[in-house]
C-alpha cells in the first residue's frame, strides 16, 4: 500500500523530538512492506533551522517533503483561518510534486487534528481516502478554543476513519465530536529494546523523567516532591529531558529550592541519548496532570526501569496496580 502521511515534520539535530511519533510510525509501516511518503508544512518561528522552499529528506526507506516559506506567526496576525488556508495551499503544492514522482497514494494519513483538517482538503480535491490519527492532549479539556473546535470538527466530520492512541482519548473525541474511533497505541522505537541496562550497586540514586516542559506534564509537582525526598538524602538526583515554555519557571523553582546540584534540566535529546540517560538511571517518573498515552513510560519499561506514574488518562493503559513487585 502507498501511504501519504501529513505530519508536523521530522526530527533534526537541532530539534530531535519534532515529528518523532510520525517518523516512528512511518518507518514501522515501511518495514512492513508499505511505501510511505511524508508531507509537512513547517511554520515554527526558527529561521536558522530550515531552508526556505521545499526540501527533501530520506531515511530508512521513507521520503520526507517539507515546505517552509515563512513562520506561521506572520499569517496568524491576519487571522488563524487564513494561516490554515496558507498551509493547505502549501500541502497542495507538495502533493502535486509527490504525485508526479510516486503516483497517486492509496490513502492519506493525517497526524493530529490540524493535519487531518488539511487532509480533508486533499480528500475532497483529489478523491482520496483519509484516516485521521489523533494524539493531541488538548481534547482532555471540557472546553476547546474556537480554532481547535473549527479544525477538529471539519477533520472528524469528513475523515473516513479515525484512530486514537488510547481509550481515554477515544472517549474524549466521542464526547466533543460524537465520532467514534479505533484505538491503536503509539509505537516504541526498537532502539529502546536493544539497550541492555546494567544494574550496579552504588551509593547514588537517580530519577529520570521525559516530556515537553508544559504545565500539563506536572514537572513543577515533581520538583516540589523531590525537594521533600532531598531533605533526607542529598545524594539523589533527578534528570528531566525535554524543553518547553515552562523551562524558565521550572529552573527558577529549582533555584529557589536550592536544588540546582540535584535537579538537571538537560533539554531535548536524540533517542540514542535518551536511551543512554535512561540506562544510567534508577527509576523513571511520569508526573503528568493529564496524559493520553505515555510513550515515555513504555520507553522506560523497555530499557528495564521501574516506573512511578500519576494515574491519569491513558497511563492506566500502560501500567496498572497489578504490575511491579
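Remarks
- Residue within region 243-253 that is in a helix (DSSP H, G or I), at pLDDT below 95 and closer than 25 Å to residue 14 by Cβ present: no
- Among (1) farther than 21 Å from residue 139 by Cα; (2) surrounded by fewer than 19 Cβ atoms within 10 Å (Cβ to Cβ), the one test that residue 284 misses: (2)
- Among the candidates 108, 91, 36, residue that is assigned by TED's automatic domain parsing to the domain that holds residue 165, assigned to a strand (DSSP E or B) and touching a residue at least 60 places away in the same chain (Cβ under 8 Å): 108
- The one condition in (1) modelled with pLDDT of 95 or more; (2) touching a helix residue (DSSP H, G or I) at 6+ places or on another chain (Cβ under 6 Å) that residue 166 fails to fulfil: (1)
- The lone exception for residue 106 - which of (1) closer than 30 Å to residue 167 by Cα; (2) surrounded by fewer than 19 Cβ atoms within 10 Å (Cβ to Cβ); (3) touching a helix residue (DSSP H, G or I) at 6+ places or on another chain (Cβ under 9 Å) it fails: (3)
Yes/no matrix, rows are residues, columns are (1) surrounded by fewer than 14 Cβ atoms within 10 Å (Cβ to Cβ); (2) out of contact with any strand residue (DSSP E or B) (no Cβ under 7 Å at 6 or more places or on another chain); (3) more than 21 Å from residue 23 (Cβ to Cβ):
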| position | (1), (2), (3) |
| --- | --- |
| 207 | no, no, yes |
| 212 | no, no, no |
| 228 | yes, yes, yes |
| 240 | no, no, yes |
| 244 | no, yes, no |
| 250 | no, no, yes |
| 253 | no, yes, yes |
| 258 | yes, yes, yes |
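- Qualifying residue in region 46-57 (condition: in contact with a helix residue (DSSP H, G or I) (Cβ under 8 Å, 6 or more places away or on another chain) and over 19 Å from residue 136 (Cβ atoms)): yes
- Some residue of region 223-236 being assigned by TED's automatic domain parsing to the domain that holds residue 309, assigned to a loop (DSSP other than H, G, I, E, B) and without any contact (Cβ under 8 Å) to a residue 24 or more places away in the chain: yes
The values are calculated or read from the model by the stated rules, or taken from the named source; none is laboratory data. Note that this is a predicted model, so its numbers are computed, not measured. Cβ atoms come from the backbone with ideal geometry, glycine included; neighbour counts cover every protein chain shown.
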